[in-house]
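Heads up: the structure comes next, in structure tokens.
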């Protein structure tokens, strides 16, 4: 997210109509007082030096001026989080036996519960086509943030807005029924992802071919290996190019050949203008694939900006992090 840009301008007239216009511009475009004054002065200069214009031309003038003042003005928002908080309920008492649980229930001695503030006042915008990496130490709230964006967790406070179809590559195979065959789970899991049954049936041969499961597609998936499950889940989740692709550490699914194929598939989706959010423990991978990074620290946005700048600051901070915080994280 770009920091607020303050542009100073000449002192403006102090009449009521001017102030009303300034207030309206500030409210409509979420500008500071100085930025609103800049817009008014620019419009006034155009009026003095040009012929009368149509309403459409006037709107074009406003858009041109706004683009110079706000770098992201003409960008289309894909994801927007505003003042978002998320809490998890936690049980403070530890109950070790079924007997103790039954006795407490009979005595109506309810478990003491507390709340853990998982995500705290999260604010950011991700624009269409951006590739954004989410970084942070273990337990910082990265995967929870992805679950919030996909709608798995509703926010306790604030608002999450997404624009377009989301394809979440989180827990591949979530929503599978292990007593069903692979073929049956294509319909089931595809429905979970929002695809219509007729569409899935028209694409089923394509999914089976990409998954490389062959004759195993018609046996119950309780007999599948973890690699086979990942192949099937990935093939369904990447069936069509989504508007928003959300990835949580799953770029290495299946065997070596399938890893290459799945990686190529993701890269083709990224190159096609899809908005991408990637959580990865590999900082080199984040640098390679992303153009922006969001650093989450203890449930808060620590920093957001150009990927190399944020990653460099993260690496400096990691020098004083604990081994537990850095477990499985590839810094270089």
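The values are calculated or read from the model by the stated rules, or taken from the named source; none is laboratory data. Not measured: the values here are computed from a predicted model. Counting neighbours? That spans all protein chains shown, and the Cβs are built from the backbone with ideal geometry, glycine included.
Which condition does residue 299 not pass, out of (1) surrounded by fewer than 18 Cβ atoms within 10 Å (Cβ to Cβ); (2) at positive phi, if it passes all the others?
The one condition residue 299 does not meet is (1).
Which of (1) assigned to a helix (DSSP H, G or I); (2) under 30 Å from residue 145 (Cβ atoms); (3) without any contact (Cβ under 8 Å) to a residue 40 or more places away in the chain is the odd one out, the single condition residue 232 does not satisfy?
(3)
Got a number for residues in the range 205-221 being more than 22 Å from residue 260 (Cα to Cα), in contact (Cβ under 8 Å) with a residue 12 or more places away in the chain and surrounded by fewer than 17 Cβ atoms within 10 Å (Cβ to Cβ)? Steps first, answer last, please.
Residues of the range 205-221 more than 22 Å from residue 260 (Cα to Cα): 215, 218-221.
Subsequent filtering for residues that are in contact (Cβ under 8 Å) with a residue 12 or more places away in the chain retains 218-221.
Next cut, surrounded by fewer than 17 Cβ atoms within 10 Å (Cβ to Cβ) only: 218-220.
So the count comes out to 3.
Being touching a helix residue (DSSP H, G or I) at 6+ places or on another chain (Cβ under 7 Å) and closer than 18 Å to residue 233 by Cβ is the filter; apply it to the range 192-202 and report the residue that is modelled with the highest pLDDT. Write out each step before concluding.
Taking the range 192-202 and keeping what is touching a helix residue (DSSP H, G or I) at 6+ places or on another chain (Cβ under 7 Å), we get 193, 197, 200.
Narrowing further to those that are closer than 18 Å to residue 233 by Cβ: 193, 200.
Working: 193: 76, 200: 91.
The qualifying residue modelled with the highest pLDDT is 200.
Collect the residues in the range 299-309 that are touching a helix residue (DSSP H, G or I) at 6+ places or on another chain (Cβ under 9 Å) and part of a helix (DSSP H, G or I), keeping them in residue-number order.
Once the filter is applied, which keeps residues that are touching a helix residue (DSSP H, G or I) at 6+ places or on another chain (Cβ under 9 Å) and part of a helix (DSSP H, G or I), the range 299-309 yields 307, 308.
Would you tally the residues in the range 144-159 being within 10 Å of the chain's Cα centre (by Cα) and in contact (Cβ under 8 Å) with a residue 40 or more places away in the chain? Walk me through it before giving the result.
Let us first name the residues in the range 144-159 that are within 10 Å of the chain's Cα centre (by Cα), namely 145-150.
Then keep just the ones that are in contact (Cβ under 8 Å) with a residue 40 or more places away in the chain; that gives 145-146, 148-150.
Total satisfying the criteria: 5.
Being touching a helix residue (DSSP H, G or I) at 6+ places or on another chain (Cβ under 9 Å) and modelled with pLDDT under 80 is the filter here; which residues of the range 236-263 pass it?
So in the range 236-263, the residues touching a helix residue (DSSP H, G or I) at 6+ places or on another chain (Cβ under 9 Å) come out as 236-242, 244-255, 258, 261-262.
Scanning the range 236-263 gives 240, 241, 249, 250, 251, 252, 253, 254, 255.
For the condition within 15 Å of residue 124 (Cα to Cα) and in contact with a helix residue (DSSP H, G or I) (Cβ under 9 Å, 6 or more places away or on another chain), what is the one hit in 283, 266, 294?
Working: 283 fails: within 15 Å of residue 124 (Cα to Cα); 266 fails: within 15 Å of residue 124 (Cα to Cα).
Result: 294 is the single residue among 283, 266, 294 that is within 15 Å of residue 124 (Cα to Cα) and in contact with a helix residue (DSSP H, G or I) (Cβ under 9 Å, 6 or more places away or on another chain).
If I filter the range 242-263 down to residues being under 15 Å from the mean Cα position of the chain (by Cα) and assigned to a loop (DSSP other than H, G, I, E, B), which single residue comes out as farthest from residue 226 (Cα to Cα)?
Residues of the range 242-263 that are under 15 Å from the mean Cα position of the chain (by Cα), as a first pass: 242-249.
Within this subset, residues satisfying the condition of being assigned to a loop (DSSP other than H, G, I, E, B) are 242-243, 249.
On the way: 242: 25, 243: 28, 249: 15 Å.
Here the answer is 243.
Taking residue 199 as the residue in question, decide whether it is assigned to a loop (DSSP other than H, G, I, E, B) and either closer than 21 Å to residue 262 by Cα or free of Cβ contacts under 8 Å to residues at least 40 places away in the same chain (or both).
Numbers: assigned to a loop (DSSP other than H, G, I, E, B): no; either closer than 21 Å to residue 262 by Cα or free of Cβ contacts under 8 Å to residues at least 40 places away in the same chain (or both): yes.
When the stated conditions are applied, residue 199 does not pass them.
So which residues in the range 231-241 are surrounded by fewer than 21 Cβ atoms within 10 Å (Cβ to Cβ) and under 28 Å from residue 135 (Cβ atoms)? Steps first, answer last, please.
Keep residues of the range 231-241 that are surrounded by fewer than 21 Cβ atoms within 10 Å (Cβ to Cβ), which gives 238-241.
Residues satisfying the conditions are 238, 241.
Tell me the residue from 296, 266 that is assigned by TED's automatic domain parsing to the domain that holds residue 210, closer than 25 Å to residue 243 by Cβ and not in a helix (DSSP H, G or I), please. Walk me through how you get there before you give the answer.
Details: 266 fails: not in a helix (DSSP H, G or I).
Checking each option against the conditions leaves just 296.
Across the range 114-147, what is the number of residues that are out of contact with any strand residue (DSSP E or B) (no Cβ under 8 Å at 6 or more places or on another chain) and closer than 12 Å to residue 300 by Cα?
Here is the first cut: in the range 114-147, the ones out of contact with any strand residue (DSSP E or B) (no Cβ under 8 Å at 6 or more places or on another chain) are 138-139, 147.
Add one more test, that the residue is closer than 12 Å to residue 300 by Cα, and what stays is 139.
Going through the range 114-147 one residue at a time, the tally reaches 1.
Any idea which residue in the range 269-293 is farthest from residue 85 (Cα to Cα), counting only those that are assigned to a loop (DSSP other than H, G, I, E, B) and touching a residue at least 60 places away in the same chain (Cβ under 8 Å)? Explain how you work it out, then say what you get.
Of the range 269-293, the ones assigned to a loop (DSSP other than H, G, I, E, B) are 272-274, 280-281, 290-291.
After this cut, where a residue has to be touching a residue at least 60 places away in the same chain (Cβ under 8 Å) as well, the list is 273-274, 280, 290-291.
On the way: 273: 30, 274: 27, 280: 23, 290: 26, 291: 26 Å.
Filtering first and then ranking leaves 273.
Out of curiosity, is residue 321 crowded, with 20+ Cβ neighbours inside 10 Å, more than 22 Å from residue 189 (Cβ to Cβ) and either modelled with pLDDT of 80 or more or under 17 Å from the mean Cα position of the chain (by Cα) (or both)?
Considered against the rule, which asks whether it is crowded, with 20+ Cβ neighbours inside 10 Å, more than 22 Å from residue 189 (Cβ to Cβ) and either modelled with pLDDT of 80 or more or under 17 Å from the mean Cα position of the chain (by Cα) (or both), residue 321 comes out as no.
Residues 147, 138, 185, 121: which one is over 21 Å from residue 76 (Cβ atoms) and part of a strand (DSSP E or B)?
Working: 147 fails: part of a strand (DSSP E or B); 138 fails: part of a strand (DSSP E or B); 185 fails: part of a strand (DSSP E or B).
Unique residue meeting the criteria: 121.
Quick one: is residue 184 without any contact (Cβ under 8 Å) to a residue 12 or more places away in the chain and within 19 Å of residue 240 (Cβ to Cβ)? Steps first, answer last, please.
Details: without any contact (Cβ under 8 Å) to a residue 12 or more places away in the chain: yes; within 19 Å of residue 240 (Cβ to Cβ): no.
No.
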